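Written out below as structure tokens is the structure these notes cover.
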Amino acid sequence: AQTVTQSQPEMSVQEAETVTLSCTYDTSESDYYLFWYKQPPSRQMILVIRQEAYKQQNATENRFSVNFQKAAKSFSLKISDSQLGDAAMYFCAYRSTLTSGTYKYIFGTGTRLKVLA
Amino acid sequence: GAVVSQHPSWVICKSGTSVKIECRSLDFQATTMFWYRQFPKQSLMLMATSNEGSKATYEQGVEKDKFLINHASLTLSTLTVTSAHPEDSSFYICSARDLWVAEQYFGPGTRLTVT
């Protein structure tokens, strides 16, 4: 069974600085998807970034980028130029590909990010 | 982008009563919907997967007779908490998988408080 681990329950970053959130996972599958979701106080889950395992290039979305290390099964999120609005709970998630027939997400325990003004 | 709505956004009910939560995909067809439960400061725990027109698949440890799921159409799934008790108080989130894009979109959640 797949597992997702986020070892940092809480992180803090100064506004305009850079922070990296860690995520490791375990799977025997060779192809899958990895996600970072943001959950602000409203509790609406917001997709931050997605990475397909067969793609070697790290995904980027504006100030958000990932460091995907497939062999190490590591998937960290880097937030550059942190803003107050980035403060939220961040969840790392794993999903099998469609061919496996399993669409469900497996979430990590989350990292609460605080942004200091 | 694709939108998933949930109704109600919050509900308070008395112990022993049942409450129904709706999850709708507003601008896409969803063959599969997922129901999650989230306790304060914890992660999302998948409760069940519902496929349109068929019985839901429940995760281990989730009581199917207590959490009734119906996925009657490609845009609507409902979760009914039967004979609710205070320990059922939680935040319930649904997500819907787009039939054509194979992407999942999350609803805004429903806060259930059982008194």
*Using a 10 Å cut-off on Cβ to Cβ distances, tally the other chain neighbours for every residue of A:103-109 and report the average as a whole number.*
6
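What chymotrypsin sites (Phe, Trp or Tyr not before Pro) in region A:16-117 are in a loop by DSSP, with at most 16 other Cβ atoms within 10 Å of the Cβ? Walk me through the numbers on the way to the answer.
On the way: sites: A:25, A:32, A:33, A:35, A:36, A:37, A:54, A:64, A:68, A:75, A:90, A:91, A:94, A:103, A:105, A:107; in loops: A:54, A:103.
Sparse-neighbourhood loop chymotrypsin sites (Phe, Trp or Tyr not before Pro): A:54.
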*Sequence of B:99, B:44 from largest to smallest accessible area, 1.4 Å probe*: B:99, B:44
*Accessible area per residue in Å² at 1.4 Å probe, computed on region A:6-117*: 48 Å²
*Other chains near B:27-39: what is the mean number of their Cβ atoms within 10 Å of each residue's Cβ?*
1
*Kindly identify chain A as rounded, prolate or oblate by the Cα gyration tensor criterion: order the square roots of the eigenvalues as a ≥ b ≥ c, call it rounded if a/c is under 1.5, otherwise compare a/b with b/c, prolate if a/b is larger, else oblate.*
prolate
*First compute the accessible area of region A:1-97 with a 1.4 Å probe, then give the percent of it belonging to carbon and sulfur atoms.*
44 percent
*Measure of compaction for region B:41-115 (Cα Rg per 2.2 N^0.38 Å)*: 1.14
*asked:* Taking the full set of protein chains and a 1.4 angstrom probe, give the accessible area of residue B:62 in square angstrom, rounded to the nearest 10.
replied: 40 Å²
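Write down the percent of antiparallel bridges among all DSSP beta bridges whose residues are both part of the protein assembly as shown, to the nearest 5.
Roughly 90 percent of the DSSP beta bridges within the protein assembly as shown come out antiparallel.
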*Using only the Cα atoms of region B:19-67, what do you get for the radius of gyration and for Dmax, in Å?*
12.0, 34
_Exposure rank, largest accessible area first [B:69, A:46, B:21; 1.4 Å]_ = A:46, B:69, B:21
_What do you get for trypsin sites (Lys or Arg not before Pro) in region B:24-59 restricted to DSSP loop and a cutoff of at most 15 other Cβ within 10 Å of the site's Cβ?_
B:41, B:55
*Determine the gain in length on full extension of the stretch residue A:46-residue A:30; use 0.36 nm per residue of separation and subtract their C-alpha separation, reporting nm with one decimal.*
3.1 nm
*Quick one: give the max-minus-min coordinate of the C-alpha atoms of the protein assembly as shown along each principal axis, largest first, in Å.*
49, 42, 32
*DSSP-defined antiparallel bridges as percent of all bridges, chain B, nearest 5*: 90 percent
*asked:* Given Cβ point charges of +1 (Lys, Arg) and -1 (Asp, Glu) and nothing else, what value in debye, to the nearest 20, does the dipole of region A:1-60 about its Cα centre take?
replied: 200 debye
*Calculate the mean, over all residues of peptide A:33-42, of how many other protein chain Cβ atoms lie within 10 angstrom of the residue's Cβ.*
1
*asked:* Just to make sure I understand: if all protein chains stay in place, what is the order of A:29, B:87, A:17 by accessible area at 1.4 Å, largest first?
replied: B:87, A:17, A:29
*asked:* Longer than 30 Å from Cα to Cα, which of B:41/B:66; A:104/B:14; A:104/B:66 are they? Say none if no pair is.
replied: A:104/B:14
_Probe 1.4 Å, accessible area per residue of chain B, Å²_ = 48 Å²
_Accessible-area composition of region B:25-115, carbon plus sulfur, in percent [1.4 Å probe]_ = 54 percent
*asked:* Give the B-A buried accessible area in Å², both sides summed, 1.4 Å probe, nearest 100.
replied: 1600 Å²
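The values are calculated or read from the model by the stated rules, or taken from the named source; none is laboratory data. Since this is a predicted model, take the numbers as computed values, not measurements. Every residue, glycine as well, gets a Cβ built from its backbone with ideal geometry; the counts of neighbours run over all protein chains shown. Heavy atoms of the whole protein, side chains included, go into the accessibility calculation; ligands, DNA and RNA do not. Shrake-Rupley method; radii C 1.70, N 1.55, O 1.52, S 1.80 Å.
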